[in-house]
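**Student:** Here it is, the structure in full.
The values are calculated or read from the model by the stated rules, or taken from the named source; none is laboratory data. Remember, predicted model here, so these are calculated numbers, not experimental data. Glycine gets a Cβ as well: all are built from the backbone with ideal geometry, and neighbour counts include every protein chain shown. Side chains are part of the model used for accessible areas, which takes the heavy atoms of the whole protein and leaves out ligands, DNA and RNA. Shrake-Rupley method; radii C 1.70, N 1.55, O 1.52, S 1.80 Å.
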Amino acid sequence: MEQKQLFNSAYTPKDGVYDEFVSKEMKVRQHYDALSEQFSQYTTQDYCKFNEEAKIVFFNEGITFAVYSDNPLGSEKIFPFDFIPRIIAHDEWTKIEKGILQRNHAINEFLKDLYHDKKILKDGVVPKELIYSSANMLSVMEGFNPLGGIYNHISGTDLIRHSDGEYYVLEDNVRCPSGVSYVLANRNTLKKTFPKLFSKCQPQPIIDYPEKLLTMLQSVSPGNSAPNCVVLSPGMYNSAYFEHCFLAQSMGVELVEGRDLFVKSDVVYMKTIHGSRRVHVIYRRIDDPFLDPLLFNPDSVLGTPGLMSAYLAGNVTLVNAPGTGVADDKAVYAYMPEIIKYYLGEEQIIKNVPTYRCGIDSDLKYVLENVDKLVIKPVDESGGYGISIGNTLTKEQINEVKLQIQQNRRKYIAQPIMSLSVHPTFIEGENIIESRHIDLRTFCLLGKNIEYVLPGGLTRVALKRGNLIVNSSQGGGSKDTWVI
Amino acid sequence: MRQYQLEYTATNAYASPVWGAYLKFLIHPYAALGAQINSPVFSINVDGDWWISNARQKEVSEIYYKSTNKFNTLNIAYSVKIYVPDLNPFERLSLPVGQEINVLKSNEWIIDNYKFIHLTKSRPKAYLSPEESANFLWLNEGNLLDKIIHLRDQVHGSMEFITGVTTTSTLASEVIKLRQGVCQDFTHLFLGLLRNNGVAARYTSGYLHQSEAIRGASQLHAWVECHIPEMGWIGIDPTNKLLCDHNYVKICHGYDYDDCLPVSGVVNSSANQQSSEHQVHVQQIQ
């Protein structure tokens, strides 16, 4: 077999993981052909040049994120960017898009039900303890009907591709998912770097996302004409402040903080130099507990007093609705296949990571025999508490976990340890191209008669060798994502 | 039909000027079935805007106030007239015991009432552990209301009504050791015990028409409402060992005291609140 030099150095795929770029036989996957051809013409110097150029664009445009730390000099960093785009074939994307819409529609129905009749709990499909132990269930939302019946206007569904080549949903984010500004910035940067490759591949455009977002916000406005939409940010110390500014600016709406708003007679106004101006829709990037000091955290200075009563009076729409967090809980995730079936009568299109419920005899047997290959999670705790990862445990710990499970079977679920797919990535310093683990955060909009999934999304890449954590706070970077 | 004139006055003083305040008052009577609420008057000594909101719950009127001027002392005076239908709490409509137990055990009942049944350490004011509540006897037989009354009498009997030993932040787990307190302490203790026995119970605040030997009449009062199949939410006062009748004028209910604060809000000032006094007056109009 002819060994073709793919990049400036030998590119070796890893065993046991799915490589997005080449097959096991080292054959470039068809949708990467154009990219491979172009890249084979580049030298190490070219790669370094692309990397530098991208960095300069990011620096000049101030595309940053902040890491929470005590550093008095500030903690804003340039978002690491890898110039080799991740490409998703059209057919594959069509399925992903459908799956994401299905999932987020089901989550919306689920939230509607939880805050009204609770049929899914009464029918015993989802255990009631799981919902009521969640700190994110907001009783103040009970019986309230958000405009257009939408709770999760903006959802960020995280996908991975396992070693079997299939996509799996890793988690749902229906509170304030962030990252979309980097998708747009990455595209902008890469367009300047590889104009020829662009016109050859013609990836689906994403440039109209801010427009779609604004249209969605306007669709859920309580006012009928020319609604005033704003982006509510906790301020410049938030890790996603760049994104708040970016989205407000690109939608052409005001960026506000809690102190810029006030409530009078259950109506929200913003202070301007021309006097007060009514606000109809708030795309809030503040978590529930900080929205309104009168209702939630009285010490919070981020929110606006009276905001929740204005919302409940129907005079302003909050995007996303308060109380959505109950649906993106780890424990609820395990029930997503049932939730989709219950509300939509459909099988899930994108798979959940398989989940074993220890309350079921056959599942329990498997779990007890295979603790070392599984992740064990309690169903009634969120935020990663009480999770045991099988392959990191000692023999004694494994026995302890087994005992815990047997003592309270219904409390535990188990999932296989998933492996993330890999993608060629430029390694700064060594100036070579190696495979690194990636995931994909997708962005989905639901409005009144509006549904939209951003083609592609944010591909996050773990820049440290062997690291599975792709989060930017842990030294991860991102790639442009093309759907062709 | 009874008619009452309700009056609430409060004075909040600050050591240095307050530049802005956004306050919420829960002092307006609950729009209960058959009640007529007339001519509310809200007055405050500092310039500002105020309005009534029913957004959170249509029966509850929250009065909001936003100051437009600086101040050191805030004087609030509120009055309202209310007609209350006569209520005989001894008219009982309980289901037969067996039927009642079936309702109480049903998934439907537990899910619909979960908000007021479940105990959580994240709301510690009315939280008691099963061990703490084991010292109080819960009857095995009889109707739910009888069991609740039996428990109420134990709470009343074990507690001493004394003002000044507890504050608004005292927890039920402290009250159960102290065995002293005022109406909200009696209520938190009773709530913790009820919830440990699976009863849907909620904290209720309101006005109490004064008669002799009734405690808690010059302040806002607190009692418990329990959800009983067929009967609905029944008011029970552990402080006065009574079932609530037309002398109890409810304002609102919640999980515990924190949901029923008469005054809450945000104040922009460099100083802490120096003093705060509340007065309540309930007068029956013949």
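**Student:** Helix-only estimate, please: 222 nm mean residue ellipticity of chain A, summing -39500 (n - 2.57) across DSSP H runs of length 4 or more and dividing by its residues, to the nearest 500. Write out the running numbers ahead of the final one.
**Tutor:** Values: 14 runs with 143 residues, N = 484.
It lands at -8500 deg cm²/dmol.
**Student:** State, to one decimal in nm, how far the label point of B:Val97 lies from the label point of A:Phe59, with both points 7 Å from Cα in the Cβ direction.
**Tutor:** 8.3 nm
**Student:** In the stretch A:141-157, whose amide N lies under 19 Å from the spot 7 Å out along Cα-to-Cβ of A:Lys119? List them in ranges.
**Tutor:** Residues passing the 19 Å test: A:142-146, A:148-152.
**Student:** Sort A:Arg29, A:Arg259, A:Arg187 from largest to smallest accessible area, using a 1.4 Å probe on the heavy atoms of the protein chains. The partial results should precede the final answer.
**Tutor:** Working: A:Arg29 50, A:Arg259 160, A:Arg187 15 Å².
Result, largest first: A:Arg259, A:Arg29, A:Arg187.
**Student:** Based on the alpha-carbon gyration tensor of the stretch A:223-315 and its eigenvalue square roots a ≥ b ≥ c, which shape applies: rounded if a/c is under 1.5, prolate if not and a/b is larger than b/c, or oblate?
**Tutor:** Working: a/c = 1.68, a/b = 1.03, b/c = 1.63.
Oblate, because a/c is 1.5 or more while a/b does not exceed b/c.
**Student:** Related question: Give me the number: length gained by fully extending A:Ala34 to A:Cys245, i.e. 0.36 nm times residue separation minus the C-alpha to C-alpha distance, one decimal in nm. Before the final figure, lay out each step's value.
**Tutor:** Values: separation 211, 0.36 × 211 = 75.96 nm, distance 3.55 nm.
Roughly 72.4 nm would be gained on extension.
**Student:** Just read off the accessible area of B:Arg202 with the full protein assembly in place, 1.4 Å probe, to the nearest 10 Å².
**Tutor:** Surface open to solvent at B:Arg202 totals about 20 Å².
**Student:** Please report, as a whole percent, how much of the solvent-accessible surface of the stretch B:98-181 comes from carbon and sulfur atoms (probe radius 1.4 Å).
**Tutor:** Working: 2290 of 4450 Å².
The C+S portion of the solvent-accessible surface of the stretch B:98-181 is 51 percent.
**Student:** From other protein chains only, count the Cβ atoms within 10 Å of every residue's Cβ in B:50-57, then give the mean. Walk me through the numbers before you get to the answer.
**Tutor:** Details: counts 2, 6, 2, 8, 4, 12, 7, 4.
Rounded to a whole number, the mean comes out at 6.
**Student:** Here is a follow-up. Okay, helix-only estimate at 222 nm for chain B: each DSSP H run of n ≥ 4 adds -39500 (n - 2.57), divide by all residues, round to 500 deg cm²/dmol; what do you get? Don't skip to the answer; put the middle values down first.
**Tutor:** On the way: 6 runs with 60 residues, N = 286.
The per-residue figure over chain B is -6000 deg cm²/dmol.
**Student:** Additional query: For a quick check of your reading of the filter: which trypsin sites (Lys or Arg not before Pro) in the stretch B:69-102 sit in a DSSP loop and have no more than 16 other Cβ atoms within 10 Å? Walk me through the numbers on the way to the answer.
**Tutor:** Values: sites: B:Lys70, B:Lys81, B:Arg92; in loops: B:Lys70, B:Arg92.
Listed in order of number, the matching sites are B:Lys70, B:Arg92.
**Student:** What order do A:Ile96, A:Ile273 take when sorted by accessible area (1.4 Å probe), most exposed first? Each step should come with its number before you reach the end.
**Tutor:** Working: A:Ile96 5, A:Ile273 165 Å².
Largest accessible area first, the residues go A:Ile273, A:Ile96.
**Student:** Please sort A:243-252, A:324-333 by packing, taking for each peptide the average over its residues of neighbouring beta carbons within 10 angstrom, highest first. Could the numbers behind the result be given before it?
**Tutor:** Working: A:243-252: 19.2, A:324-333: 23.0.
Put in order of decreasing packing, that is A:324-333, A:243-252.
**Student:** Using a 1.4 Å probe on the protein heavy atoms, what percent of the accessible area of the stretch A:223-315 belongs to carbon and sulfur? Each step should come with its number before you reach the end.
**Tutor:** Values: 2020 of 3950 Å².
The value for the stretch A:223-315 is 51 percent carbon and sulfur by accessible area.
**Student:** Please compute the length gained on full extension between B:Ser79 and B:Glu59, using 0.36 nm multiplied by the number of residues separating them and subtracting their Cα-Cα distance. Could the numbers behind the result be given before it?
**Tutor:** On the way: separation 20, 0.36 × 20 = 7.20 nm, distance 1.81 nm.
Length gained between B:Ser79 and B:Glu59: 5.4 nm.
**Student:** Under the Karplus relation 6.51 cos²θ - 1.76 cosθ + 1.60, θ = phi - 60°, what is the ordered set of whole-Hz ³J(HN,Hα) values for the stretch A:455-463, x standing for Gly and Pro?
**Tutor:** With the stated coefficients, the stretch A:455-463 comes to x, x, x, 9, 8, 9, 10, 7, 7 Hz.
**Student:** Go through A:Lys77/A:Lys464; A:Lys95/A:Lys464; A:Lys27/A:Lys351; A:Lys14/A:Lys200 and tell me which ones have a Cα-Cα distance over 22 Å in this structure. Walk me through the numbers on the way to the answer.
**Tutor:** Values: A:Lys77/A:Lys464 17 Å; A:Lys95/A:Lys464 31 Å; A:Lys27/A:Lys351 27 Å; A:Lys14/A:Lys200 29 Å.
From A:Lys77/A:Lys464; A:Lys95/A:Lys464; A:Lys27/A:Lys351; A:Lys14/A:Lys200, over 22 Å: A:Lys95/A:Lys464; A:Lys27/A:Lys351; A:Lys14/A:Lys200.
**Student:** Here is a follow-up. Is the C-alpha gyration tensor of the stretch B:1-153 telling us rounded, prolate or oblate? Criteria: a/c under 1.5 is rounded; beyond that, a/b larger than b/c is prolate, otherwise oblate. If you can, show how the numbers build up before the last one.
**Tutor:** Details: a/c = 2.67, a/b = 1.80, b/c = 1.49.
The shape class here is prolate.
**Student:** Which loop-located GluC sites (Glu not before Pro) does the stretch A:297-372 contain, where loop means any DSSP state but H, G, I, E or B and the Cβ has at most 14 other Cβ atoms within 10 Å?
**Tutor:** Numbers: sites: A:Glu338, A:Glu346, A:Glu347, A:Glu369; in loops: A:Glu346, A:Glu347.
Counting only loop positions with at most 14 other Cβ atoms within 10 Å, the GluC sites (Glu not before Pro) in the stretch A:297-372 are A:Glu346, A:Glu347.
**Student:** Separate question: All other residues with a Cβ under 14 Å from the Cβ of A:Pro227 taken together, and with Lys, Arg as +1 and Asp, Glu as -1, what is their net charge?
**Tutor:** Values: positive: A:Arg277, A:Arg278, A:Lys448; negative: A:Glu254.
Value of the local net charge: +2.
**Student:** I'd like the GluC sites (Glu not before Pro) in the stretch B:184-261 restricted to DSSP loop residues with at most 14 other Cβ atoms within 10 Å, sorted by number. Show your work: numbers first, answer last.
**Tutor:** Details: sites: B:Glu212, B:Glu225, B:Glu230; in loops: B:Glu212, B:Glu230.
Passing sites in the stretch B:184-261 are B:Glu212, B:Glu230.
**Student:** Which distance in nm do the two modelled labels at B:Glu277 and A:Ala135 give, with both placed 7 Å along the Cα-to-Cβ direction?
**Tutor:** In this crude label model, B:Glu277 to A:Ala135 measures out at 4.0 nm.
**Student:** Let me ask something else. Pull out a ≥ b ≥ c, the square roots of the eigenvalues of the alpha-carbon gyration tensor of chain A, then state rounded if a/c is under 1.5, prolate if not and a/b is larger than b/c, and oblate in the remaining case.
**Tutor:** Working: a/c = 1.80, a/b = 1.15, b/c = 1.57.
It is oblate, given that a/c is not under 1.5 and a/b is not larger than b/c.
**Student:** Along the Cα-to-Cβ line of A:Val301, 7 Å from the Cα, sits a label point; which residues in the stretch A:268-285 have backbone N less than 19 Å from it?
**Tutor:** From the stretch A:268-285, the list is A:271.
**Student:** Give, rounded to the nearest 20 debye, the magnitude of the charge dipole that chain A has about its Cα centre when Lys and Arg contribute +1 at Cβ and Asp and Glu contribute -1 at Cβ.
**Tutor:** Values: 51 positive and 58 negative charges, 67 e Å.
Computed about the Cα centre, the dipole is about 320 debye.
**Student:** Taking 0.36 nm per intervening residue step and subtracting the Cα-Cα distance, what contour gain separates A:Leu368 from A:Ile349 on full extension? Intermediate results must be reported in sequence, preceding the final value.
**Tutor:** Working: separation 19, 0.36 × 19 = 6.84 nm, distance 2.96 nm.
Between A:Leu368 and A:Ile349, full extension yields 3.9 nm more.
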